[in-house]
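One structure is given here, and the rest of the page talks about it.
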Amino acid sequence: FECTELWVPNAFTPNNDQTNDFFEVKASIYLFDYHIWIFNRWGEVVFESTDINQAWDGTYKDGPCPNAVYNYVIEYTGMADYPIYRSQRRVGSLILIR
């Protein structure tokens, strides 16, 4: 059976130039469940959301995050995973470049 595909960028540049200003995850099909956590190098959660349409702007506590590598964990269940509805987990890293 077919599984839901996620497209996760590996870098973004939140510098207000209207190009790649947000870290946005896209899915190939409707998701029933979605949860993302983004961590800094100390393991602190700098962004969390249960809405795939909510992008990260590279800020934390109302301030800009520094250039760095951040790690993410995404847990999701998509419509294409029917009839099993198995939860998927994706782990990776991204680069924030200002």
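The values are calculated or read from the model by the stated rules, or taken from the named source; none is laboratory data. This one's a predicted model, so the numbers in the text were calculated from it and none came from an experiment. When we count neighbours, we look across all protein chains shown, and the Cβ atoms used for this are built from the backbone with ideal geometry, even at glycine. For the accessible areas, the whole protein counts, side chains as well, though only heavy atoms, and no ligand, DNA or RNA atoms are used. Shrake-Rupley method; radii C 1.70, N 1.55, O 1.52, S 1.80 Å.
Things worth noting here:
- Charge dipole (Cα centre; +1 on Lys/Arg Cβ, -1 on Asp/Glu Cβ; no other charges) of the chain amounts to roughly 300 debye.
- Straightening the chain between Ser49 and Trp7 buys 13.5 nm, computed as 0.36 nm per residue apart minus the Cα-Cα spacing.
- Within the chain, longest stretch clear of exposed GluC sites (Glu not before Pro) (DSSP loop, no more than 14 other Cβ within 10 Å): 45-98
- The simple spin-label model puts a point 7 Å past each Cα toward its Cβ; for Glu24 and Asn71 those points are separated by 2.8 nm.
- Relative to the compact-globule estimate of 2.2 N^0.38 Å, the Cα radius of gyration of segment 1-70 comes out at 1.19.
- Farthest toward positive dipole pole in the chain [+1 Lys/Arg, -1 Asp/Glu at C-beta], among Tyr70, Phe22, Leu6: Tyr70
- Of the accessible area of segment 37-80, computed with a 1.4 Å probe over protein heavy atoms only, carbon and sulfur atoms account for 48 percent.
- Length released on extending from Met79 to Arg98, taking residue separation times 0.36 nm less the Cα-Cα span: 3.3 nm
- Electrostatic tally near Tyr70: other residues with Cβ closer than 14 Å to its Cβ, Lys and Arg +1, Asp and Glu -1, net -1.
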